[in-house]
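Heads up: the structure comes next, in C-alpha coordinates.
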Amino acid sequence: MTSFRPPFPPQPEGPARTLLVVDDDRATLSLYRAGLKGLQGFRILTAENGSQALEILRHEPVSVLVTDLDMPVLDGFNLIAKTSSLYPQMPVIVMTGLEESRHRNAPLQLGAVRILTKPPRLSLLMDAIREAAQFEPAGVIRGMGLNSILQLLQWERKSCTLTVKSEAGVGRLYLRQGEVIHATFLDEEGLPAAYRILAWPRPDIEFVDTCRVEPTIDLPLTELLLSAAVLNDQAGTGAEGLQG
(Lines give C-alpha, C1' and ligand atoms only; values in the text may rest on other atoms or scores of the structure.)
Protein backbone atom coordinates (compact mmCIF):
# COMPACT_ATOMS: atom_id res chain seq x y z
CA MET A 1 0.00 0.00 0.00
CA THR A 2 2.94 2.33 -0.53
CA SER A 3 0.85 4.26 -3.05
CA PHE A 4 -1.19 5.51 -0.10
CA ARG A 5 1.82 7.31 1.42
CA PRO A 6 2.52 10.28 -0.84
CA PRO A 7 5.01 12.95 0.19
CA PHE A 8 3.40 15.98 1.75
CA PRO A 9 3.98 19.22 -0.21
CA PRO A 10 4.17 22.51 1.69
CA GLN A 11 0.66 23.54 2.62
CA PRO A 12 -0.53 27.07 1.85
CA GLU A 13 -1.90 29.08 4.70
CA GLY A 14 -5.53 28.11 5.08
CA PRO A 15 -8.27 28.02 7.69
CA ALA A 16 -7.24 28.14 11.33
CA ARG A 17 -6.30 24.89 13.01
CA THR A 18 -8.18 24.01 16.18
CA LEU A 19 -6.46 23.67 19.56
CA LEU A 20 -8.36 22.08 22.46
CA VAL A 21 -7.05 22.82 25.98
CA VAL A 22 -8.42 20.72 28.86
CA ASP A 23 -7.95 21.70 32.52
CA ASP A 24 -10.31 21.60 35.49
CA ASP A 25 -9.01 24.92 36.84
CA ARG A 26 -11.00 27.76 35.24
CA ALA A 27 -8.38 30.37 36.11
CA THR A 28 -5.74 28.29 34.31
CA LEU A 29 -8.01 27.92 31.29
CA SER A 30 -8.55 31.68 31.18
CA LEU A 31 -4.80 32.23 31.40
CA TYR A 32 -4.12 29.88 28.50
CA ARG A 33 -7.00 31.29 26.46
CA ALA A 34 -5.50 34.76 26.79
CA GLY A 35 -1.85 33.79 26.51
CA LEU A 36 -2.26 31.53 23.49
CA LYS A 37 -3.93 34.24 21.43
CA GLY A 38 -0.44 34.94 20.11
CA LEU A 39 -0.46 31.49 18.51
CA GLN A 40 -1.06 32.43 14.89
CA GLY A 41 -3.34 30.24 12.82
CA PHE A 42 -5.09 28.50 15.73
CA ARG A 43 -8.66 28.63 17.00
CA ILE A 44 -8.72 27.83 20.74
CA LEU A 45 -11.39 25.70 22.45
CA THR A 46 -11.42 24.73 26.13
CA ALA A 47 -12.93 22.01 28.30
CA GLU A 48 -12.92 21.50 32.08
CA ASN A 49 -12.61 17.70 32.07
CA GLY A 50 -12.11 14.75 29.79
CA SER A 51 -15.83 14.14 29.36
CA GLN A 52 -16.40 17.67 28.04
CA ALA A 53 -13.36 17.26 25.79
CA LEU A 54 -14.72 14.04 24.25
CA GLU A 55 -18.04 15.76 23.54
CA ILE A 56 -16.21 18.55 21.71
CA LEU A 57 -14.16 16.00 19.77
CA ARG A 58 -17.36 14.36 18.54
CA HIS A 59 -18.31 17.56 16.74
CA GLU A 60 -15.07 19.41 16.08
CA PRO A 61 -12.01 18.31 14.06
CA VAL A 62 -9.21 19.15 16.53
CA SER A 63 -5.62 19.57 15.33
CA VAL A 64 -3.86 19.41 18.73
CA LEU A 65 -5.09 18.41 22.18
CA VAL A 66 -3.43 19.84 25.32
CA THR A 67 -4.61 18.27 28.57
CA ASP A 68 -4.02 18.17 32.30
CA LEU A 69 -3.93 14.74 33.99
CA ASP A 70 -5.55 15.17 37.41
CA MET A 71 -9.19 16.11 36.64
CA PRO A 72 -12.65 15.10 37.90
CA VAL A 73 -15.32 13.22 35.88
CA LEU A 74 -12.80 11.84 33.37
CA ASP A 75 -9.10 12.32 34.06
CA GLY A 76 -6.33 12.96 31.56
CA PHE A 77 -5.10 9.36 31.55
CA ASN A 78 -8.49 8.07 30.40
CA LEU A 79 -8.92 10.95 27.98
CA ILE A 80 -5.59 10.16 26.30
CA ALA A 81 -6.44 6.45 26.13
CA LYS A 82 -9.81 7.17 24.49
CA THR A 83 -8.48 9.74 22.03
CA SER A 84 -5.58 7.46 21.12
CA SER A 85 -8.16 4.80 20.18
CA LEU A 86 -10.78 6.99 18.53
CA TYR A 87 -8.62 9.76 17.03
CA PRO A 88 -5.15 8.25 16.57
CA GLN A 89 -4.12 10.94 14.09
CA MET A 90 -4.50 13.72 16.71
CA PRO A 91 -1.32 14.64 18.66
CA VAL A 92 -1.71 15.06 22.44
CA ILE A 93 0.41 17.25 24.73
CA VAL A 94 0.22 16.71 28.49
CA MET A 95 0.58 19.46 31.10
CA THR A 96 0.89 18.11 34.62
CA GLY A 97 1.99 19.08 38.09
CA LEU A 98 2.41 15.40 38.95
CA GLU A 99 5.97 14.25 39.55
CA GLU A 100 7.33 11.71 37.09
CA SER A 101 7.39 9.14 39.91
CA ARG A 102 3.58 9.39 40.00
CA HIS A 103 2.74 9.37 36.29
CA ARG A 104 5.78 7.21 35.29
CA ASN A 105 5.47 8.48 31.71
CA ALA A 106 2.18 6.59 31.37
CA PRO A 107 0.77 9.36 29.12
CA LEU A 108 3.49 8.64 26.55
CA GLN A 109 2.68 4.94 26.66
CA LEU A 110 -1.01 5.78 26.13
CA GLY A 111 -0.27 7.91 23.06
CA ALA A 112 0.76 11.42 24.14
CA VAL A 113 3.61 13.02 22.17
CA ARG A 114 4.98 15.39 24.85
CA ILE A 115 4.81 15.93 28.63
CA LEU A 116 5.33 19.46 30.01
CA THR A 117 5.69 20.32 33.69
CA LYS A 118 2.81 22.51 34.87
CA PRO A 119 2.72 25.42 34.64
CA PRO A 120 4.82 25.41 31.45
CA ARG A 121 6.44 28.54 30.10
CA LEU A 122 4.06 29.98 27.55
CA SER A 123 6.75 30.14 24.87
CA LEU A 124 7.63 26.46 25.47
CA LEU A 125 3.97 25.45 25.27
CA MET A 126 3.46 27.40 22.04
CA ASP A 127 6.54 25.78 20.49
CA ALA A 128 5.28 22.34 21.51
CA ILE A 129 1.86 23.07 19.96
CA ARG A 130 3.40 24.29 16.70
CA GLU A 131 5.62 21.22 16.55
CA ALA A 132 2.71 18.86 17.28
CA ALA A 133 0.60 20.55 14.59
CA GLN A 134 3.16 19.45 12.01
CA PHE A 135 2.32 15.83 12.78
CA GLU A 136 1.14 14.23 9.56
CA PRO A 137 -1.17 11.25 9.26
CA ALA A 138 0.30 8.12 7.75
CA GLY A 139 -1.49 8.73 4.48
CA VAL A 140 -3.87 11.02 2.66
CA ILE A 141 -6.13 9.89 -0.16
CA ARG A 142 -8.09 12.28 -2.36
CA GLY A 143 -10.22 11.85 -5.46
CA MET A 144 -10.73 8.09 -5.08
CA GLY A 145 -14.04 6.45 -4.22
CA LEU A 146 -14.36 5.25 -0.63
CA ASN A 147 -15.69 1.86 -1.76
CA SER A 148 -12.62 1.30 -3.92
CA ILE A 149 -10.31 2.27 -1.06
CA LEU A 150 -12.07 -0.11 1.33
CA GLN A 151 -11.80 -2.96 -1.17
CA LEU A 152 -8.07 -2.30 -1.57
CA LEU A 153 -7.62 -2.26 2.19
CA GLN A 154 -9.53 -5.53 2.44
CA TRP A 155 -7.27 -7.17 -0.16
CA GLU A 156 -4.28 -6.06 1.91
CA ARG A 157 -6.02 -7.12 5.15
CA LYS A 158 -5.10 -3.75 6.65
CA SER A 159 -5.85 -2.68 10.21
CA CYS A 160 -6.20 1.10 10.27
CA THR A 161 -8.39 4.09 11.10
CA LEU A 162 -9.83 6.20 8.29
CA THR A 163 -10.82 9.81 8.91
CA VAL A 164 -13.35 10.62 6.19
CA LYS A 165 -14.07 14.30 5.44
CA SER A 166 -16.90 15.66 3.31
CA GLU A 167 -19.27 18.63 3.25
CA ALA A 168 -21.47 16.68 5.67
CA GLY A 169 -18.73 16.60 8.30
CA VAL A 170 -16.03 14.27 9.60
CA GLY A 171 -16.60 10.56 10.15
CA ARG A 172 -14.31 7.68 11.05
CA LEU A 173 -14.15 4.09 9.90
CA TYR A 174 -12.14 1.55 11.89
CA LEU A 175 -10.79 -1.49 10.04
CA ARG A 176 -9.30 -4.67 11.40
CA GLN A 177 -7.79 -7.16 8.97
CA GLY A 178 -9.52 -5.33 6.12
CA GLU A 179 -13.02 -5.43 7.63
CA VAL A 180 -14.93 -2.40 8.96
CA ILE A 181 -15.53 -3.14 12.64
CA HIS A 182 -16.70 0.27 13.91
CA ALA A 183 -17.72 3.72 12.68
CA THR A 184 -18.48 7.10 14.22
CA PHE A 185 -20.14 10.23 12.88
CA LEU A 186 -21.25 12.97 15.29
CA ASP A 187 -23.44 11.16 17.88
CA GLU A 188 -23.93 8.05 15.75
CA GLU A 189 -21.85 4.89 16.10
CA GLY A 190 -21.71 1.48 14.49
CA LEU A 191 -23.76 0.64 11.39
CA PRO A 192 -25.82 3.88 11.26
CA ALA A 193 -22.60 5.92 11.20
CA ALA A 194 -21.02 3.60 8.61
CA TYR A 195 -24.02 3.91 6.28
CA ARG A 196 -23.90 7.70 6.56
CA ILE A 197 -20.21 7.84 5.71
CA LEU A 198 -20.47 5.35 2.85
CA ALA A 199 -23.06 7.59 1.16
CA TRP A 200 -20.58 10.48 0.78
CA PRO A 201 -19.31 10.90 -2.80
CA ARG A 202 -15.50 11.10 -3.18
CA PRO A 203 -14.57 12.44 0.28
CA ASP A 204 -11.05 13.28 1.41
CA ILE A 205 -9.57 10.48 3.49
CA GLU A 206 -6.70 10.29 5.97
CA PHE A 207 -5.56 7.10 7.59
CA VAL A 208 -3.21 5.82 10.25
CA ASP A 209 -2.01 2.25 10.71
CA THR A 210 -3.75 1.50 13.97
CA CYS A 211 -7.17 0.30 15.12
CA ARG A 212 -7.82 0.18 18.86
CA VAL A 213 -11.59 0.11 19.21
CA GLU A 214 -13.95 -2.71 20.15
CA PRO A 215 -16.02 -4.14 17.27
CA THR A 216 -19.63 -3.00 16.85
CA ILE A 217 -20.03 -4.12 13.21
CA ASP A 218 -19.82 -7.77 12.18
CA LEU A 219 -20.97 -7.56 8.54
CA PRO A 220 -18.44 -8.68 5.92
CA LEU A 221 -17.26 -5.72 3.86
CA THR A 222 -19.01 -6.92 0.69
CA GLU A 223 -22.34 -7.13 2.51
CA LEU A 224 -21.78 -3.79 4.22
CA LEU A 225 -21.08 -2.02 0.91
CA LEU A 226 -24.08 -3.68 -0.74
CA SER A 227 -26.42 -2.69 2.09
CA ALA A 228 -25.07 0.88 2.00
CA ALA A 229 -25.65 1.06 -1.77
CA VAL A 230 -29.26 -0.18 -1.40
CA LEU A 231 -29.96 2.38 1.34
CA ASN A 232 -28.38 5.13 -0.75
CA ASP A 233 -30.51 4.17 -3.77
CA GLN A 234 -33.64 4.14 -1.63
CA ALA A 235 -32.80 7.59 -0.26
CA GLY A 236 -32.27 8.88 -3.80
CA THR A 237 -35.55 7.37 -5.01
CA GLY A 238 -37.37 8.94 -2.10
CA ALA A 239 -35.89 12.36 -2.89
CA GLU A 240 -36.90 12.03 -6.56
CA GLY A 241 -40.40 11.07 -5.52
CA LEU A 242 -40.68 14.16 -3.36
CA GLN A 243 -39.47 16.34 -6.21
CA GLY A 244 -41.99 14.73 -8.56
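Filtered by the rule that a residue be under 16 Å from residue 149 (Cα atoms) and touching a residue at least 24 places away in the same chain (Cβ under 8 Å), region 202-223 gives 202, 203, 204, 205, 206, 207, 208, 209, 220, 221.
Does residue 226 satisfy being out of contact with any His (no Cβ under 9 Å at 6 or more places or on another chain) and either closer than 19 Å to residue 57 by Cβ or touching a residue at least 24 places away in the same chain (Cβ under 8 Å) (or both)? If you could, list the steps in order and put the result at the bottom.
Values: out of contact with any His (no Cβ under 9 Å at 6 or more places or on another chain): yes; either closer than 19 Å to residue 57 by Cβ or touching a residue at least 24 places away in the same chain (Cβ under 8 Å) (or both): no.
Judged against the criteria, residue 226 is not a match.
Residues that are surrounded by fewer than 22 Cβ atoms within 10 Å (Cβ to Cβ), of a type in the set (Phe, Trp, Tyr) and modelled with pLDDT of 90 or more occur in region 32-45; there is at least one.
Among the residues of region 60-97, those identified as modelled with pLDDT of 85 or more, over 15 Å from residue 49 (Cβ atoms) and part of a loop (DSSP other than H, G, I, E, B) are 60, 61, 62, 63, 87, 90, 91. Identify all residues within region 209-244 that are β-branched (Val, Ile, Thr) and at pLDDT 85 or above; write none if there are none. 210, 213, 216, 217, 222, 230 - these are the residues of region 209-244 that are β-branched (Val, Ile, Thr) and at pLDDT 85 or above. Are any residues in region 198-219 in contact with a Pro (Cβ under 8 Å, 6 or more places away or on another chain) and among the aliphatic types (A, V, I, L, M), and if so, which ones? Hit for region 198-219 is 208, nothing else.
The values are calculated or read from the model by the stated rules, or taken from the named source; none is laboratory data. Here the structure is a predicted model, which is why all the values come from computation and not from measurement. Note that each Cβ is placed from the backbone with ideal geometry, even for glycine, and that neighbours are counted across all protein chains shown.
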